[in-house]
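Working notes, beginning with the structure itself.
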Amino acid sequence: MTASPPAPAMKSLAEHMSVYAAYHRHPTNKAIHFVFVPAIVWTLMVALDHVVIGAVAGLPVTLGMLIVAALLLWYLLLDFAIGVAAVALFTLLQYSAIILNNNVSASQSLAIAGTVFVASWVFQFVGHGVWEKRRPALMDNLFQVLVAPSFLIAEAAFAFGMKRELHDAVETGMRSHLPT
């Protein structure tokens, strides 16, 4: 009997962020992403919270909640502190999405979310075209859209002098992903 090969190890947060960082070096582009990545997450929450999967203790459970829970679990596994910060941020975004959906019609909330979604992507593409001079990371690897929120949380931690070891690992790893 032959042994099966070991399962591939999950990439570290530093490995994921190194790729993303190579596409997000200009301060203006980063600032744009700090505003519009959370806006995009929020728009998806607004839209996906219209898809009710079931209920727990009489409260609706939506597709948006399930996707967010899975993403937050992944963030917590990658880096607990970054994951906790993501839980706090996503809780605020989810709460505001629920408030919007409970106070306007479905067509109104989807129109608002759709407008914010499109505008957010326009600003990000402008950021990449004008300041970064490099196409967005998701154009090379769609998975990078999942990395974006954790990257921004980590960047905020770096700005406050926190997560120094992660910062150094990202900076070192990023060099291999820069265009030649």
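All of the numbers you see were taken from the coordinates with simple rules; none came from a lab. These figures come from a predicted structure and were not determined experimentally. Cβ sites come from the backbone with ideal geometry, for glycine too, and all protein chains shown count toward neighbours.
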Exercise. Roughly how many nanometres apart are two label points built 7 Å out from the Cα toward the Cβ at A31 and F158?
Worked result: 1.8 nm
For this session: Only helical DSSP H runs with n ≥ 4 go in: add -39500 (n - 2.57) per run for the chain, normalise by residue count and round the 222 nm mean residue ellipticity to 500 deg cm²/dmol.
Result: -22500 deg cm²/dmol
Exercise. Taking the Cβ of W131 as the center, what net charge do the other residues with Cβ under 13 Å away carry, scoring Lys and Arg +1 and Asp and Glu -1?
Worked result: +4
Exercise. Given (i) 15.2, 47; (ii) 19.0, 65; (iii) 18.0, 62 as candidate values of Rg and Dmax of the Cα atoms in Å, which corresponds to the one derived from the coordinates?
Worked result: (iii)
For this session: Take the Cβ-Cβ distance between L66 and F143 as r, set R0 to 25 Å, and report the resulting FRET efficiency rounded to the nearest 0.05.
Result: 0.85
For this session: Sum up the charges of everything whose Cβ sits under 15 Å from the Cβ of T28, counting Lys and Arg as +1 and Asp and Glu as -1, but leave T28 out.
Result: +2
Seminar exercise, completed: Given backbone amide H placed at 1.01 Å from N, residues whose amide H is under 5 Å from that of V61, ignoring those fewer than 5 places away on the same chain, are I53, G54, A55, V56
Exercise. Using the 10 angstrom Cβ neighbour count as an exposure proxy, how do V41, V145 rank, fewest first?
Worked result: V145, V41
Seminar exercise, completed: Within the under-9-Å Cβ sphere about A154, not counting A154, Lys/Arg +1 and Asp/Glu -1 give a net charge of -1
Exercise. In what order do R175, R134, R25 fall by count of nearby beta-carbon atoms within 10 Å, going from fewest to most?
Worked result: R175, R25, R134
Exercise. Amide H to amide H, which residues 5 or more places from K163 or on other chains are under 5 Å from it, using H placed in the peptide plane?
Worked result: none
Exercise. Using a ≥ b ≥ c from the Cα gyration tensor of the range 61-116 (square roots of the eigenvalues), is it rounded, prolate or oblate, where a/c under 1.5 gives rounded and otherwise the larger of a/b and b/c decides, a/b for prolate?
Worked result: prolate
